[in-house]
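Engineer: I'd like to ask some things about the structure below.
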Amino acid sequence: MGDAAEDRAKARDLPEGDVIGILLEQHAQVRDLFAEIQKAPANERQEPFDRLRALLAVHETAEEMVLRPQAKDSEWKDVATERNQEEEEANKVLAALEDMDTASEAFLAKLKEFEESVDEHAEAEESQEFPRVLNALDVDERLKLGSRLQAVEKMGPTHPHPAAAGSTTAQALTGPFAAMADRVRDALSR
């Protein structure tokens, strides 16, 4: 299991705005939110779950649209494809969790399984993908990607959309419409 403090320490070693630093900080936030949900009383799980769901939705969309297209060689492209496939599966599980009663024990059990797969995915990114980005791109390029990543996240969907997950093209074509619908949905549910 990954460690939020370790992710934050690695992020601090990078320049502010570095795409890898931003993603590491988000991995730490995801880990914190899983812990917060599991510690919360059953009737107080919905709000932290909503934050987790929104963070994962924008994070995965941004990785697929900004980070994965940076893959240069065939081995790196294979790694990017594997991560996209994992995110496609995670999107389906996240959508199923979204439809569950957050106060139920079934939700908590499924959430724990999901946490394990999200953690494995994050560890794979951190060990197989992030080092390639750090080696292939200079600081200026990573800072530009960091800005682009944050821009995509501001406009990205806040709910899972399994039909678009795992495909940069599908994200680019449907993402803006899905994001608009999600943000209206979020506003109406407040």
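The values are calculated or read from the model by the stated rules, or taken from the named source; none is laboratory data. Predicted model, so just to flag it, every value in this text is computed and none were measured. Methodologically, a virtual Cβ is constructed for each residue, glycine included, from the backbone with ideal geometry; neighbour enumeration extends over all protein chains shown.
Engineer: Can you tell me how many residues within region 114-131 are under 24 Å from Ser74 (Cβ atoms), charged (D, E, K, R), out of contact with any Gly (no Cβ under 8 Å at 6 or more places or on another chain) and surrounded by 18 or more Cβ atoms within 10 Å (Cβ to Cβ)?
Structural biologist: Matching residues across region 114-131 total 2.
Engineer: Report, by residue number, each residue of region 34-59 that is among the aliphatic types (A, V, I, L, M), surrounded by fewer than 21 Cβ atoms within 10 Å (Cβ to Cβ) and either free of Cβ contacts under 8 Å to residues at least 12 places away in the same chain or under 17 Å from Ser117 (Cβ atoms) (or both).
Structural biologist: Listed by number, the residues that qualify are Ala35, Ala40, Leu55.
Engineer: While we're on this one: Evaluate the following for Arg31: is it within 25 Å of Lys112 (Cα to Cα), at pLDDT 95 or above and among the basic types (Lys, Arg)?
Structural biologist: So Arg31 fits the description; yes.
Engineer: Being in a helix (DSSP H, G or I), surrounded by 21 or more Cβ atoms within 10 Å (Cβ to Cβ) and in contact with a Pro (Cβ under 6 Å, 6 or more places away or on another chain): is that true of Leu94 here?
Structural biologist: yes
Engineer: Follow-up question, since we're still on this one. Filter region 126-176 down to the residues that are modelled with pLDDT of 95 or more and not in a helix (DSSP H, G or I) and list them by number.
Structural biologist: If the condition is that a residue be modelled with pLDDT of 95 or more and not in a helix (DSSP H, G or I), then Leu137, Asp138 are the ones that fit.
Engineer: Here is a further query. Within region 32-72, how many residues turn out to be more than 11 Å from the chain's Cα centre (by Cα) and not aromatic (Phe, Trp, Tyr)?
Structural biologist: Initial filter on region 32-72 (more than 11 Å from the chain's Cα centre (by Cα)): 32-51, 65-72.
Applying the additional criterion that residues be not aromatic (Phe, Trp, Tyr) yields 32-33, 35-48, 50-51, 65-72.
Counting residues in region 32-72 that are more than 11 Å from the chain's Cα centre (by Cα) and not aromatic (Phe, Trp, Tyr) gives 26.
Engineer: Yes or no: region 90-104 includes at least one residue that is touching a residue at least 12 places away in the same chain (Cβ under 8 Å), among the hydroxyl-bearing types (Ser, Thr, Tyr) and within 30 Å of Leu14 (Cα to Cα).
Structural biologist: Start the filter on region 90-104 by keeping residues that are touching a residue at least 12 places away in the same chain (Cβ under 8 Å), which leaves 90-98, 102-104.
The next check asks that each one be among the hydroxyl-bearing types (Ser, Thr, Tyr); those that pass are 102, 104.
Narrowing further to those that are within 30 Å of Leu14 (Cα to Cα): none.
No, because not a single residue in region 90-104 is touching a residue at least 12 places away in the same chain (Cβ under 8 Å), among the hydroxyl-bearing types (Ser, Thr, Tyr) and within 30 Å of Leu14 (Cα to Cα).
Engineer: Across region 62-81, which residue is modelled with the lowest pLDDT among those that are among the acidic types (Asp, Glu) and over 15 Å from Ile20 (Cβ atoms)?
Structural biologist: Glu64
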